[in-house]
C-alpha cells in the first residue's frame, strides 16, 4: 500500500517465485503469457510443459533458443501438430528426433 502512495513500482519477483507461478495450476490463461517470455529458461520450460498453456504462447515458445524449452514443447500433448512439424526441422538433434518420433505416433 505504501508503494502506491509513493508511486514506487512493485518489486520484481525472483526467478523462484516466477517458477512457482508457472507451476501453479491456479495461474492460467493470459496470466501465463508473461511467464512464457521470462528471461529464465526454467520458467519458460514450466510454461511450455503445461497442457493448459494458451496456443499462442506455445507457438511463441517454438522459437525459443533453449533446447530444454523446445523438448518440453515436444513432450506437451497439447502442442499443435503444426508446432511439432516446425520442431521436427530443428537444428537441435534431440528436439528434432523427439518431434519426428511424435509425428509418427499421430
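Any read-out appearing in this document is the output of simple, stated calculations on the displayed coordinates, not a laboratory observation. Note that the structure is a prediction, hence the values are computed from the model and not measured. So basically every Cβ, Gly included, is an ideal-geometry build from the backbone, and we count neighbours across all protein chains shown.
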Inset, instruction - Relative to the compact-globule scaling 2.2 N^0.38 Å, provide the ratio for the alpha-carbon radius of gyration of segment 11-64. - result: 1.00
Inset, instruction - Return the Cα extents of segment 13-105 along principal axes one, two and three, sorted largest first, each rounded to a whole Å. - result: 39, 20, 16
Inset, instruction - Considering only 25, 80, 67, give the residue with the highest GNM mean-square fluctuation for the chain, with springs between Cα atoms whenever their separation is below 10 Å. - result: 25
Inset, instruction - Give the angle, between 0 and 90 degrees and rounded to the nearest 10, that separates the Cα long axis of helix 93-105 from the longest principal axis of the Cα atoms of the chain. - result: 70 degrees
Legend entry - Alpha-carbon Rg/Rh ratio, for segment 50-104, with Rh computed the Kirkwood way: 0.91
Legend entry - Estimated [θ] at 222 nm from DSSP helical runs (n ≥ 4, -39500 (n - 2.57)) normalised by residues in the chain, nearest 500: -15500 deg cm²/dmol
Inset, instruction - Quickly rank 52-61, 29-38 as a protection proxy: mean count of other C-beta atoms within 10 Å, highest first. - result: 52-61, 29-38
